[in-house]
Structure formats: structure tokens, C-alpha cells
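Note sheet for the following structure.
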Amino acid sequence: MILAIGTLALAGQRRALLPVLVIPLLVLVWVWRAGVDVSDEGLRVRAMLGTRLVRWSQVSAMSKVGTHVVVHVTGGGSFRLPGVPPADVPRLFAAGKQSYDATGGVRPPTAAPPLGRPTRRTSEESDDQ
């Protein structure tokens, strides 16, 4: 809101600055779109311009890099989860009906120790909870 008011005041000064009004609209679309949906199937990562589905079988580990959670996939490669703080990783696994293994996973050279990797729950574990 502050960004919109500031750009409105700036664009009101000269017509050449009217394109500046696009900036708050782009920020609004990004905030509205970005996120992670969790299901039994996997993680659906939504960005401003696209969506990516990563099945739990493709997730080899998750690690903390700064204040972000990074997902490492089998076959190499990794990506950041938008809007997911490291403290929410156990809840993310629980929402996907995955067991949380806080000791395993991939550790890229620049990352802190891994936050965990998914392991399939057995039917006995699911009945206990």
C-alpha cells in the first residue's frame, strides 16, 4: 500500500513517470501468486510466472540456506521454497503425510546442515497419529 501511494505521488509529477505505477501491481501479483501447496502427491511451488510440481519421491533433502528453505531433488538441482521459514519444515512434512527425518539429506557446499528428508510413513505410523 505504501509502495502504491509513493509511486502514485511520483507518477503524478510527470507523465513520463506513469510507467512507475506498474511496479506496485507487479509486487501485488508476486505476493498473491508465490507460495507452496503441500499434498500427499508432493510440493506445488507457485511463482509469479509459473508453477512446478515436485513429487515426494523426487525430494532428496531440504536444507536451510540463510533464512530460506532449499529443496534438493534427485538427479541434482535445487530450488528455494517461497514463504516457508525453516521452523515450518516439520509441519510441511506432516501436511504431506511424510515422516520427518531431521538427520539425513544432501548438504550442498554453501548450506547449513540439512533440515531433513521425506521418508514414507508406514500404515502403522499413520494409524498411531
* Asked: Does at least one position in the stretch 31-48 carry a residue that is at positive phi, more than 12 Å from the chain's Cα centre (by Cα) and loosely packed, with under 13 Cβ neighbours inside 10 Å?
  -> no
* Are there any pairs with C-beta distances below 8 angstrom linking a residue in the stretch 85-98 that is farther than 13 Å from LYS64 by Cβ to a residue that is exposed (fewer than 13 other Cβ atoms within 10 Å of the Cβ) and among the acidic types (Asp, Glu), with the two at least 6 apart or on different chains, and if so which? -> GLY96/ASP40; LYS97/ASP40
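Rundown of residues vs (1) in contact with a strand residue (DSSP E or B) (Cβ under 9 Å, 6 or more places away or on another chain); (2) at pLDDT 85 or above; (3) within 30 Å of ILE23 (Cβ to Cβ), yes/no style:
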| residue | (1), (2), (3) |
| --- | --- |
| ASP40 | yes, yes, no |
| VAL69 | yes, yes, yes |
| GLN98 | yes, no, no |
| ARG120 | yes, no, no |
* Looking only at the stretch 9-38, which residues are farther than 24 Å from GLY96 by Cβ and of a type in the set (Gly, Ala, Ser)? -> ALA9, ALA11, GLY12, ALA16
* Asked: Of everything in the stretch 49-76 that's among the polar types (S, T, N, Q) and more than 14 Å from the chain's Cα centre (by Cα), which residue is surrounded by the most Cβ atoms within 10 Å (Cβ to Cβ)?
  -> SER60
* To do: Quickly run through the stretch 68-84 and pick out the residues that are in contact with a helix residue (DSSP H, G or I) (Cβ under 7 Å, 6 or more places away or on another chain) and free of Cβ contacts under 8 Å to residues at least 40 places away in the same chain.
  => VAL73, THR74
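The values are calculated or read from the model by the stated rules, or taken from the named source; none is laboratory data. Computed from a prediction, not measured in an experiment: that's the story for all the values here. Cβ atoms come from the backbone with ideal geometry, glycine included; neighbour counts cover every protein chain shown.
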